[in-house]
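Below is one structure, written out as structure tokens; the observations come after it.
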Amino acid sequence: MARKVGARIGELRERKKLSDPRWTQDYLARQVAQHLSGTQMSRYERGENMPGEKRLERIAEVLETTVSDLYAGPEIERVTAGGTDLMGELSEAEEAPSLKRVEDQIAALRVELLAAVASAHKELGDRLSQLERDGRKRKGSRS
């Protein structure tokens, strides 16, 4: 559980760091508690230590999320395609995926989504055409 919570803390901190480079582990630690060190925050993010309840609540507050969201783990682990965990191939010992890897997975999901939409669109078009033909046949048989 500590690994999952830590990965989510790191993910949210890194997301904030994209728009504000101050969001280092040291910076987050100072926002959470005056005496908390960047080293301890690093241990939380790696899953080596689990923050206590009060500290976890404060981390969630600083990261503008909820404790439940932190327990849910990294977003990438929540995304599934066809019922398969996209991160299933990563062992527990591996580091979190790089931004490039996440972008590649998002691109692959977009392609799958577009293919599914195109297929559904074609099926609906075929069905509509069939209904129009059936309607013309019925109209012709009534005359």
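The values are calculated or read from the model by the stated rules, or taken from the named source; none is laboratory data. All of these numbers come straight from a predicted model, not from anything done at the bench. Cβ coordinates were reconstructed from backbone atoms using ideal geometry, including for glycine residues, and neighbour counts include every protein chain displayed.
Of everything listed in (1) surrounded by fewer than 16 Cβ atoms within 10 Å (Cβ to Cβ); (2) in a helix (DSSP H, G or I), the single unmet condition for residue 21 is (2).
When 43, 15 are checked against the criterion of being assigned by TED's automatic domain parsing to the domain that holds residue 74, among the basic types (Lys, Arg) and over 21 Å from the mean Cα position of the chain (by Cα), 43 stands alone in meeting it.
Restricting 105, 34, 40 to those that are among the polar types (S, T, N, Q), modelled with pLDDT of 75 or more and loosely packed, with under 12 Cβ neighbours inside 10 Å reduces the list to 34.
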